[in-house]
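Presented below is the structure to which this report refers.
The values are calculated or read from the model by the stated rules, or taken from the named source; none is laboratory data. What you are looking at is a predicted structure, and each value in this text was computed from that prediction instead of being measured. Cβ placement follows ideal geometry from the backbone for every residue including glycine, while neighbour counts extend to all protein chains displayed. Note: accessible area is taken over every heavy atom of the protein model, side chains too, but ligands, DNA and RNA are not part of it. Shrake-Rupley method; radii C 1.70, N 1.55, O 1.52, S 1.80 Å.
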Amino acid sequence: QVQVVESGGGWAQPGGSLRLSCVASGTVFSPSNMAWYRQAPGLQRELVATITSSDMTNYADFVRGRITVSRDRAKNTIYLQMNLLKPEDTAVYYCNVEDYGENYWGSGILVTVSS
């Protein structure tokens with residue numbers, strides 16, 4: 001059974017930084033294609049960044065240059081390093097794992113950016 005667990009959210013001031021972590025366990029294939037999404041109140045869930053099984057990365061335009069996704073293969077963990085945070089980055093951030101044709105989601109973690 002695939003499990004996806006996010007950690008590291010919380011509060012930051014505008015211009016600050018946070019790092020999110022996502023651990024995937026129970027996957028058939030490792031490393032897996034993984035991604036970060038976010039959902040702000042009243043808005044649809046949107047893609048933030050992806051990292052493929054070969055560690056190729058891609059980013060949404062609204063975070064490019066401010067956010068970096070990376071992987072620690074030994075820990076089967078991906079990270080989302082978020083810098084220069086803006087109030088509009090406030091959202092619940094979700095980790096997604098693609099494994100053997102199925103998509104698995106974490107329960108989400110709240111990031112709040114405010115002064």
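Just so you know, in the range 13-55 the residues that are in contact (Cβ under 8 Å) with a residue 24 or more places away in the chain, over 19 Å from Tyr79 (Cβ atoms) and among the small types (Gly, Ala, Ser) include one that is surrounded by the fewest Cβ atoms within 10 Å (Cβ to Cβ), and it is Gly15.
Listed by position, the strands (runs of 3 or more DSSP E) inside the range 22-115 whose residues that are closer than 23 Å to Gln3 by Cα number at least 2 are 33-39, 46-51, 67-72, 77-82, 91-99, 102-105, 109-113.
Within the range 1-20, if we keep just the residues that are over 18 Å from Arg66 (Cβ atoms) and in a strand (DSSP E or B), the residue that is nearest to the chain's Cα centre (by Cα) turns out to be Glu6. Residues that are of a type in the set (D, E, K, R) and open to solvent by less than 10 Å² (accessible area, probe 1.4 Å) within the range 81-103 comprise Asp89, Asp99, listed in sequence order. Among the residues of the range 62-74, those identified as open to solvent by 20 Å² or more (accessible area, probe 1.4 Å) and either modelled with pLDDT of 95 or more or of a type in the set (A, V, I, L, M, F, W, C) (or both) are Phe62, Arg66, Thr68, Ser70, Arg71, Ala74.
Residues that are of a type in the set (D, E, K, R) and under 14 Å from the mean Cα position of the chain (by Cα) within the range 75-114 comprise Asp89, Glu98, listed in sequence order.
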